[in-house]
Amino acid sequence: MDCIFCKIINNEIPSKTIYEDEIVKVILDINPNADGHMLIIPKNHIDDFTKLDDNTLLHINKIANKMKDLIYNKLDNIKGLVLLNNYGEFQEVKHYHLHILPNGFNTKTKEIDEIYNELIS
Ligand code: AMP
Ligand code: ZN
């Protein structure tokens, strides 16, 4: 299947990986809308939120909570998060992913490498 997120999961395309386990991979969005804009991606190819099984959904929420702690611990002046799913014509990549936007939309101030180093330090 010609899916960019499956290629990222299989390490055929590089990514800035924040966290990984047997069920999900968390990467920084390549075109961030916020500092620390990340995507939680299930390793199984699931098209969109309507196809998500309960176990994967529960795990994604658990990892979102873990990423919340990481963001609050590592990044400065975090006031809140936006968690977002796109669907249908609004979903560009048809492999399910949960966006996490620290401090919400249009809040990017730093380069992605700088944020990556802060998050993994
Ligand atoms: P959407 O499917 O509409 O929720 O958006 C897909 C998101 O994936 C966009 O925010 C893109 O910037 C992001 N994206 C696309 N390709 C890559 C990639 N190779 N690495 C990281 N993020 C990506
Ligand atoms: Zn895929």
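The residue that is farthest from the chain's Cα centre (by Cα), counting only those in segment 89-112 that are away from ligand 2 (no atom under 16 Å from the Cβ) and free of Cβ contacts under 8 Å to residues at least 24 places away in the same chain, is Glu89. The criterion of being open to solvent by 100 Å² or more (accessible area, probe 1.4 Å) and free of Cβ contacts under 8 Å to residues at least 60 places away in the same chain does not hold for Asp53.
The set of residues in segment 1-28 being in a loop (DSSP other than H, G, I, E, B) and touching a residue at least 24 places away in the same chain (Cβ under 8 Å) consists of Met1, Cys3, Lys16, Asp21, Ile23.
Every residue in segment 33-45 that is buried (at least 19 other Cβ atoms within 10 Å of the Cβ) and in contact with a helix residue (DSSP H, G or I) (Cβ under 9 Å, 6 or more places away or on another chain), please. Asp35, Gly36, His37, Met38, Leu39, Ile40, Ile41, Pro42, listed by residue number.
When residues in segment 14-32 are screened for being open to solvent by 50 Å² or more (accessible area, probe 1.4 Å), within 9 Å of ligand 1 (Cβ to nearest atom) and of a type in the set (A, V, I, L, M, F, W, C), 1 of them pass.
The values are calculated or read from the model by the stated rules, or taken from the named source; none is laboratory data. Note that the coordinates shown come from a computational prediction; the quantities given were computed from them, not determined experimentally. As a convention, Cβ positions derive from the backbone with ideal geometry for all residues, glycine included, and neighbour counts pool all protein chains shown. Surface areas here come from the heavy atoms of the whole protein model, side chains and all, with no ligands, DNA or RNA. Shrake-Rupley method; radii C 1.70, N 1.55, O 1.52, S 1.80 Å.
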